[in-house]
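Following: one structure in structure tokens, then a few remarks.
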Amino acid sequence: MNEDSHYKKLSIEPVDYIQKNNIPFCEGNVIKYVTRWRDKGGLDDLRKAKTYIDKIIAYENDNNGTPVPVNKSSVLGSEVLYQRLPKNQRT
């Protein structure tokens, strides 16, 4: 278990759960931020989770299956794509 205090009380760290279940990047970040918000980032973590949820919704509404870029200023100043197979390629 990680030594970060916001994960000590958990039986499994979010990163382990995310990796073992092959959860896509944006969904994994939602899990991470919602899991730790009370013990680390407060409302900022909830805002970060909401940003990723908004990107998932935007992607799901995109009929072309094209990944939707995350706004650079909204999430830690980095550009990230929601990576998931288009609806017609999911099993």
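How large is ³J(HN,Hα) for each residue in the range 41-50, as worked out from phi by the Karplus curve 6.51 cos²θ - 1.76 cosθ + 1.60 (θ = phi - 60°), to whole Hz, x for Gly and Pro?
Ordered by residue, 3J(HN,Hα) equals x, x, 4, 4, 5, 5, 5, 5, 4, 4 Hz.
Once phi is turned into θ = phi - 60°, what whole-Hz ³J(HN,Hα) does the Karplus curve with 6.51, -1.76 and 1.60 give for every residue of the range 7-21, x standing for Gly and Pro?
Whole-Hz 3J(HN,Hα) from phi for the range 7-21: 10, 4, 7, 8, 7, 9, 6, x, 4, 5, 4, 4, 5, 5, 10.
Per residue of the range 51-62, in order, report the coupling 6.51 cos²θ - 1.76 cosθ + 1.60 (Karplus, θ = phi - 60°) as ³J(HN,Hα) in whole Hz, putting x for Gly and Pro.
4, 5, 4, 4, 5, 4, 4, 4, 5, 5, 7, 7
Considering only DSSP states other than H, G, I, E and B, which GluC sites (Glu not before Pro) in the range 3-66 qualify as loop sites with at most 13 other Cβ atoms within 10 Å?
E3
Which entries of K9/K55; K8/K50; K32/K55; K20/K40; K9/K32 have Cα-Cα distances beyond 21 Å here?
Among K9/K55; K8/K50; K32/K55; K20/K40; K9/K32, the Cα-Cα distance tops 21 Å for K9/K55; K8/K50; K20/K40.
If I model the range 8-68 as equal point scatterers sitting on the Cα atoms and use the Debye formula, what is log10 I(q)/I(0) at q = 0.12, 0.17, 0.22, 0.26 Å⁻¹?
Rounded to two decimals, the profile gives -0.33, -0.61, -0.89, -1.06.
Rank these for me by crowding, Y59, Y33, going from fewest to most other beta carbons within 10 Å.
Ordered by Cβ neighbours within 10 Å, fewest first: Y59, Y33.
Quick note: the coordinates plus some simple rules give every number you see, no bench work behind them. A quick note: this is a predicted structure, and the numbers were derived from the prediction, not measured. Reconstructed Cβ throughout: ideal geometry from the backbone, glycine too, with neighbour counts over all protein chains shown.
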